[in-house]
Amino acid sequence: MDETTAQEKMKQLEWYITKHCLWQYNSRGWDREIQNERILGKSKQLLCGENAREDDSNADRYYWSEAMTLVEAFKRYFPWLKTMKKEDIATVMQLLKEKMDYTMIKGSLNQELIKEKY
Amino acid sequence: MSCELKSKDRAGVINPIFTCQPAGAQFVSIGVKDCIGIVHGGQGCVMFVRLIFSQHFKESFELASSSLHEDAAVFGALHRVEQGVDVLLMRYPHVKVVPIITTCSTEIIGDDIDGVILKLNNGLLKEKYADREVHLISIHTPSFVGSMISGYDIAVKDFVSHFAQKEGMVNGKINVITGWVNPGDVTEVKSLLKEMQVEATVLFEIETFDSPMMPDGNHISHGETTIDDLRSTGNAIGTIALNRYEGGKAALYLEKEFDIPAIIGPTPIGIRNTDTFLQNIKKMTGKPIPESLVRKRGIAVDAITDLTHMFLAGKKVAIYGSPDLVIGLAQFCLDMEMLPVLLLLGDDNTSYASDPRIRELKENVEFNMEIITNADFWELETRIKNDGLELDLILGHSKGRFIPIDYNIPMVRVGFPVYDRAGHYRYPVVGYAGATWLAEQMANTLFTDMEYKHNKEWVLGVW
Amino acid sequence: MPYHQFKCSECIPERLEHAVDKGAGEELTDALPLGYLNTIPGTISERGCAYCGAKHVIGTPMKDVIHISHGPVGCTYDTWQTKRYISDNGCFQLKYTFASDMKEANIVFGAEKMLKKNIVEAFKAFPNIKRMTVYQTCASALIGDDINAIAEEVMEEMPDVKIFVCNSPGFAGPSQSGGHHKINLAWLSQMVGTVEPEIYSKYVINYVGEYNIQGDQEIMKDYIQRMGIQILSTFTGNSRFDDLCGMHRAQLNVLECARSAEYICDELRVRYGIPRMDIDGFGFEALSDSLLKIAYFFGIEERARAIIDEETARWKPELDWYAARLQGIKVCIWPGGSKLWHWAHSIHKEMGLEVVSVYTKFGHQGDMEKGISRCEEGALAIDDPNELETLEAMYTLKPDIIFTGKRPGEVAKKIRVPYLNAHAYHNGPYKGYEGWVRFARDIYNAVYSPMHKLAFIDISKDEIPTGKGFETQRMYSDVKISDEVKNDTALRQCTSKYDPIPALREKTYTFPDPKTGEWKVVSNEKFRKNSGVA
């Protein structure tokens, strides 16, 4: 898969998250990092047919539930995911993670993200 | 068998009948043309008062806030008044009058709004708005003193004392200070004055609170009393304040300052009080009461006679709300053979005891009647719930609506605010028209209740 | 995404960065309105105060509680009966409000003794109620009354009562949001953990940031309980005081209005390890995904799917009837905080409305991130709007309808823009599948009102169509749609009852036993133990 295609596919997934999801908006930057890392990480694992559960903690179950719901929606919206090779999916998901980190944290103009306390 | 005046003996309030002083000042402010008040305090003191005005009138009114935040509460907030005045004047070029209305917070922190007004008059207004007529008026309405009623009274006086001038000849008009009323009341008062051929300065011209939806899309409701109207109050031949507690202060001020004779009350609710009102106008202006009013009165008496001894006689009533309204309604109920057994006045004004109308009630009422001052709704509810008080009718505003609902007592909405019935602000309670409307509202409410409860509803079949 | 310059605000340059036009291809990183900053005085902003944010928005929906405000009477009076947060116990919280009624002498000499007397009196007037919240106001904060000490004293003397104190005076923050924050943290630190709740299901959540406006909580509770999940507490709509004291025992916090209640979720996550799951209760797709997500957490997704299928089959034909007739209708979503993002995408996708503007009175930048993301290009986003700006926006954007508060709604009405109440709803509930159809119906009724059309006619200038005796909504709405859709017998208008909530209160539910997993009926009484508290 070439870079342009990967970017284009990533954009589609990003569009879905931007329009539909709420998990990426926790109010602190460090929170958002964890959310992106865990939910997109698990989503990638699920899309690639890997194990996405670490333990039976409430926290892990939570990230997994978000990922399961997200992946189900991805498949509904983007049939191309069914035929895409696993390494390509991994590439697209990595791009997506980077993009989400940028939009929601590094490039975010939200001045509240750096506040320490809730 | 007697009439007793006493204060609520609990410390706190369970379901308040009145709100606090700044609301009264804000109600006055919206009655003046080209005027937007700035309430100096937290934002809720404005936001919720605007909301309740809009609940009552189904209209929006303009009032601004100095938006007191944490730092201002600690270090003083006069700079926010300065900025607020400037921002308001810049963005609302038509505004000429800006009352600065204080609240509990800014009175406690001791912000000197009179000082800041002086500063603005000598600074900002001279430098930036030199070509513009702008009046800043300080209105002190700490929320922990009095109530919305005294806030209204103070604000009317502050507006009048700011503007009133004696300029040459007497203007041949009388001042009529209506008190906190509805557009329908102002219409009725003006119609009586017109029939009497008396020119009057009406404070405040709020018929426009019932504003139309026009094809050109006007966007806001406001009163129509002008600076000139207020100025000319100092040149009148006399002042009639319909309400003792809402406008009486201004009438006394004009009397003291400019020798303008004042007649304060009685509130022209019912036939008898309206007669007195007309007699007072006659006395003040020398104008006779015309045949047309004899006829108008006759129509009212005719209509009310159809209802009194057949339906209204002996009905026990509880009345709550503004003192002048409550007392006026009680007097009217007595004329209609009803028994106003409980009157609730929502503040601790100590002068109620010397009100001649209350003294008259105490001297003449031959059934058990209680007048509770500093009252809340629990005074009414606990008497029904725990003391076996039986009522046929409740008269009052919408904040008390759950009592009639929960205890199955018919109620006529009257006063401010009324937000759970449509269009009440359009109808008067004063004058002959008001007497008719009130009597018929009471009767129709009782009739609906009879039908709903199957309580001799067949009586109405041959009425 | 350039900042939007309102002409009326050119003279106050600091307003510029509070409004943004969502331009083509632009992202959140290009521009974001400022938010949650001190209000500019004199602008005629629509914001309320931190007292109302704490007491009125979050505290008062609790249903078995005496809510006292310690201050002059106005704060209590003004906020009383201005919201529609109902409860299943006769709405005690709507009907009764309490004020210490501070007078001048109290300001001078302190009001602590008087407050104590008040508290005792209030419990005496309502002997069946043993729970109380006390709210500080500007006045009691400034004179420095120690409300907590008084509460402690009373609780020592009256061991069967519990009192929660919220110190959130009106000036504590730029808007009501300051009060949301304060009461979230106060509840967490004072109350959570003081009650061990009864657990009757294997699956236990707190439903947070949900205030039961016109029955929203009860319609959502139906779906959640049909899955077998116990709602340990709702923060705070239709909730009992003691249930909220046991929040620490939930496995998951399901968060609806993140604006007003994210703080307690975040802290419960940090202190008790309870995850925070943000959901949408509005919109078929968003709600379905939300139910599914909750179900995945407990491994009961098939139960969620069954509910989603059943509810969709029941209500989708009604939603689609309206959607066919609402395509292209322009809307300003102008609520307080959370609804701009709860509604923006779903209303576009599922009803066909074009969102031309979103605003938030008291939201933070995070709310704007969500709202702007979910809007389509071209939308105007405004933080802390004021009266002139909203008028200017309405004149330039020419919306067909706006969703906003009661009073701004009156402004819109005058320039002939119909409004729906975004806070209290017109004929809600609007949450849930049934609620979403009710919302569509209300939009349809507002937009296609014959009376609304009549308001545009100037009888002094315009040709008056004398041949007509009346018009109907269908005569307006159906000219735009094809015969195929018009005659589609699968579609139908809203069949929801005037009040769908009482029937829900009579339903019974089964839950899996926490130990054995066996599904058992749990009586209704468990959900609302103190009916008839008064």
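Coordinate-derived values only; no laboratory data. Here the structure is a predicted model, which is why all the values come from computation and not from measurement. A quick note on method: Cβ atoms are made from the backbone with ideal geometry, for glycine too, and the neighbour counts reach across all protein chains shown.
As a size descriptor, the averaged projected area of the C-alpha convex hull of chain C was calculated at 28.3 nm².
Can you list, largest first and rounded to whole Å, the semi-axes you get for segment C:295-373 by taking the square root of 5 times each eigenvalue of its Cα gyration tensor? It would help to have the intermediate numbers written out before the result.
Details: eigenvalues 149, 86, 12 Å².
One finds semi-axes of 27, 21, 8 Å for segment C:295-373.
Among C:TYR200, C:TYR359, the order by Cβ neighbours within 10 angstrom, fewest to most, reads C:TYR200, C:TYR359. Can you return the lysines within cross-link range of C:LYS515? Criterion is Cα-Cα under 27 Å, with same-chain partners fewer than 8 residues away left out. Within the straight-line cut-off, C:LYS515 pairs with C:LYS202, C:LYS221, C:LYS293, C:LYS507, C:LYS526, C:LYS529.
Fewest to most neighbouring Cβ within 10 Å: what's the order for C:CYS332, C:CYS75, C:CYS494?
Numbers: C:CYS332 28, C:CYS75 36, C:CYS494 20.
Lowest count first: C:CYS494, C:CYS332, C:CYS75.
Computed on the Cα atoms alone, the convex hull of the protein assembly as shown gives a volume of 194 cubic angstrom per residue. Between B:HIS135, B:LEU124, B:GLY31, the Cα set farthest toward the positive side of the dipole of segment B:21-150 (charges on each charged residue's Cβ, about the Cα centre) is that of B:GLY31. In whole angstrom, note down how far apart the Cα centers of segment B:70-96 and segment C:355-377 are. Answer, in whole Å: 28.
Can you tell me the mean projection area, over all orientations, of the convex hull of segment B:21-150's alpha carbons? Units nm², please.
Details: hull surface 30.1 nm².
Here the figure is 7.5 nm², rounded to one decimal.
Positive-end ranking of C:PRO399, B:SER7, C:GLN327 along the dipole of the protein assembly as shown, with charges on Cβ about the Cα centre, is headed by C:GLN327.
Return the loop-located GluC sites (Glu not before Pro) in segment C:14-49 (DSSP other than H, G, I, E, B) with at most 10 other Cβ atoms within 10 Å of their own Cβ; answer none if there are none.
Numbers: sites: C:GLU14, C:GLU17, C:GLU26, C:GLU27, C:GLU46; in loops: C:GLU26, C:GLU27, C:GLU46.
Answer by residue number: there is no such site.
Net charge near A:LYS44, counting Lys/Arg +1 and Asp/Glu -1 over other residues with Cβ under 12 Å of its Cβ? Intermediate results must be reported in sequence, preceding the final value.
Working: positive: A:ARG38, A:LYS42, A:LYS86, A:LYS97; negative: A:GLU37, A:GLU50, A:GLU87, A:ASP88.
Its environment carries a net charge of 0.
Note on segment B:174-289: the C-alpha convex hull projects to 7.8 nm² when averaged across all orientations. Think of chain B as a dipole: +1 on every Lys or Arg Cβ, -1 on every Asp or Glu Cβ, centred on the Cα centre; then among B:VAL429, B:PRO22, B:ILE319, B:VAL429 lies furthest on the positive end. Taken about its Cα centre, segment B:274-368 carries a charge dipole of about 340 debye when Lys and Arg each add +1 at the Cβ and Asp and Glu each add -1 at the Cβ. For the protein assembly as shown, a crude dipole built from +1 on the beta carbon of Lys and Arg and -1 on the beta carbon of Asp and Glu, taken about the Cα centre, is about 1300 debye to the nearest 20. Summing charges over all other residues whose Cβ lies under 13 Å from the Cβ of C:PRO450, with Lys and Arg as +1 and Asp and Glu as -1, gives +2. For B:GLY321, the residues whose amide H sits under 5 Å from its own are B:LEU344, B:GLY346, ignoring neighbours fewer than 5 places away on the same chain, with H placed 1.01 Å from N.
The Kirkwood hydrodynamic radius of segment C:391-526, based on inverse pair distances between different Cα atoms, is 18.9 Å. Counted by neighbouring Cβ atoms within 10 Å, the residues C:MET114, C:MET351 run from fewest to most as C:MET114, C:MET351.
Hey, which of these cross-link pairs are over 30 Å Cα-Cα: A:LYS85/A:LYS115; C:LYS182/C:LYS339; B:LYS399/B:LYS453; A:LYS75/C:LYS361? List each step's numbers first, then the result.
Numbers: A:LYS85/A:LYS115 41 Å; C:LYS182/C:LYS339 21 Å; B:LYS399/B:LYS453 24 Å; A:LYS75/C:LYS361 37 Å.
Too far apart for the 30 Å limit: A:LYS85/A:LYS115; A:LYS75/C:LYS361.
Within a straight-line Cα-Cα reach of under 21 Å, B:LYS362 can be paired with the following lysines, leaving aside sequence neighbours fewer than 8 residues apart in one chain: B:LYS6, B:LYS8, B:LYS315, B:LYS316. The dipole here belongs to chain B: it is taken about the Cα centre, uses +1 on the Cβ of Lys and Arg and -1 on the Cβ of Asp and Glu, and is about 440 debye. Near B:ASP387: Cβ cut-off under 12 Å, other residues only, Lys/Arg at +1 and Asp/Glu at -1. The net charge is -2.
What separates the Cα centres of segment B:407-434 and segment A:54-87 is a distance of 61 Å.
Each residue of segment C:246-251 is assigned a 3J(HN,Hα), and the resulting list reads x, 4, 5, 9, 7, 8 Hz, derived from the Karplus form 6.51 cos²θ - 1.76 cosθ + 1.60 (θ = phi - 60°), x at Gly and Pro.
Close amide H partners of B:LEU203, meaning residues 5 or more places away or on another chain with modelled amide H under 5 Å apart, are B:VAL176, B:ILE177, B:THR178. Take B:ILE299, project a point 7 Å from its Cα along the Cβ direction, then tell me which residues of segment B:428-446 have their backbone nitrogen under 18 Å from it. Within reach of a label on B:ILE299, which here means backbone N under 18 Å from a point 7 Å along Cα→Cβ, segment B:428-446 contributes B:428-441.
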